[in-house]
Amino acid sequence: MPLALLALAVGAFGIGTTEFVIMGLLPEVAADLGISIPAAGHLVSAYALGVVIGAPLLAAVTARLPRRKVLIGLMVLFVAGNALSALAPDEHWLLAARFLSGLPHGAFFGVGAVVATGLVAPERKARSVSLMFLGLTIANVAGVPAATLVGQHFGWRITFLGVSTIGLAAIASLALLLPADRAESRSSSGLRGELGALRSLPVWLALGTTVAGFGALFSAYSYITPMLTDSAGYAETSVTLLLALFGVGATIGNLAGGRLADHSLRGTLFGGLGSLILVLALFPVLMSAQWSAALAVLLLGVAAFATGSPLQLMVMEKAAAAPSLASSANQAAFNLANAGGAWIGGLTLSAGLGATAPATMGAALAVIGLTVAGIAYTVDNRRATTPTPHRGRVVASHVPGESETVRV
């Protein structure tokens, strides 16, 4: 694999670290700024809002710029947001800085996925995307725990300065390792043309699969701590290690999903969603003992992240006229899944349905995701087999992940 993918993974590592580290530092931030922990929790929402707004917007307005320069510019914005977070004198400054930090998140992954697939042969596209996402999953295994530990012992501001340093390393890596854009035709239709590429039912079905599928993950994962402590009987001090185990599972699932998707995009997506349904449905049983609870956390990471690369690649292929915008929109959909899944899972807890009820609700959301993916498959097949006036000859029609010969 090209070394340029390493540069993308470094950027993904920094982004993944800053996204999740704030959750472990809320008490320190709240105490330093003199606010309540629930008020500090708004910092999580500010970042997510930045991702949802920035992902499609920045991808669209930079559509005609060289992608290498776009990625470097996005990391500059990322560094600025985290540096300003470290210097924040009050809550409002920090909220604005976290929003700024979130703006480049989705666009970086979106544009980066397009660049990654352009660096490899067509039969290795999904694998290239999974290698870029490897930085994100490793951030959950090593980056977030290490950054949290630093913040707890040396102050949360040091953590954000450290994340800014990772961003600077990513900028240097992108500048040194990423080749300049090839002389190719780029979109010249502007923002309206980019947005027009999203007026496609298959694109929206793919985005809907992302929202439902990863909403299933976050319905359960957002409340994994009370499941582990209340149901499985783990001490709170053990939860951090178990969350790292989830990161290990996510890394395994991400790499396996990328490799398998290069052989069968649809098959990997259906298999991943089916596995996610099974794992979440078994959570009430698996959480009854400590050893099986640890296994459940690992398997949750594997099943959920096996679908990441296939979904990213599918969205890009469905919006071939604007792959960067569609790919970035998929990142916005991922963050909507984060917020929506956590909210839906919380409703089950508020209703008094038990500590593992969010996982059961997650299984239902995964069923919806699999259903939407099935509808998308049906729509693609119908479009592929629709007769067109080509003088009765046999035409090969290719659906991403499938192939058919159609008589028209």
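The values are calculated or read from the model by the stated rules, or taken from the named source; none is laboratory data. Just so it is clear, the model here is predicted, and its values are computed rather than measured. Note that each Cβ is placed from the backbone with ideal geometry, even for glycine, and that neighbours are counted across all protein chains shown. Protein only, heavy atoms only, side chains kept; ligands, DNA and RNA dropped before computing areas. Shrake-Rupley method; radii C 1.70, N 1.55, O 1.52, S 1.80 Å.
Computed values, structure above
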| item | result |
| --- | --- |
| Percent of alpha-carbon pairs separated by more than 17 Å within the range 231-337 | 59 percent |
| Options (1) 0.95; (2) 1.08; (3) 0.98 - which one matches Rg/Rh (Cα atoms, Kirkwood Rh) as calculated here | (3) |
| Carbon plus sulfur fraction of accessible area for the chain, probe 1.4 Å, in percent | 68 percent |
| Given charges at beta-carbon only (K, R positive; D, E negative), |dipole| of the chain in Debye | 1560 debye |
| Backbone HN-Hα couplings from phi across the range 368-377 [Karplus 6.51/-1.76/1.60, Hz, Gly and Pro as x] | 4, x, 5, 5, 4, 4, x, 4, 4, 5 |
| Over the range 1-51: Kirkwood hydrodynamic radius from C-alpha pairwise inverse distances, Å | 12.5 Å |
| Mean Cβ count within 10 Å, highest first, over the residues of peptides 106-114, 269-277 | 106-114, 269-277 |
| Listed residues Thr165, Thr209 arranged by accessible area, highest first, probe 1.4 Å | Thr165, Thr209 |
| Rounded to the nearest 10 Å², the accessible area of Arg259 at probe 1.4 Å | 130 Å² |
| Helix-only [θ]222 nm of the chain, DSSP H runs n ≥ 4, -39500 (n - 2.57) each, per residue, nearest 500 | -25000 deg cm²/dmol |
| Separation in nanometres of the label points that stand 7 Å from Cα toward Cβ, at Leu241 and Ala180 | 5.3 nm |
| Ser231, Ser288, Ser200, reordered so the largest accessible area comes first (probe 1.4 Å) | Ser288, Ser231, Ser200 |
| Nearest-10 value in Å² for the accessible area of Lys318, using the 1.4 Å probe | 40 Å² |
| Mean projected area in nm² (Cα convex hull; one quarter of hull surface) for the range 1-124 | 8.1 nm² |
| The chain - accessible surface per residue (Å², probe 1.4 Å) | 41 Å² |
| Accessible surface ranking that places the most exposed of Val372, Val150, Val297 first, with a 1.4 angstrom probe | Val150, Val372, Val297 |
| The range 52-114: translational diffusion in µm²/s, Stokes-Einstein, Kirkwood Rh over Cα pairs, 25 °C, 0.890 mPa s | 206 µm²/s |
| Thr385-Trp343 FRET efficiency (beta carbon distance; Förster radius 35 Å; 0.05 resolution) | 0.30 |
| Positive-pole candidate from Trp156, Gly346, Gly213, dipole of the chain, charges at beta carbon | Gly213 |
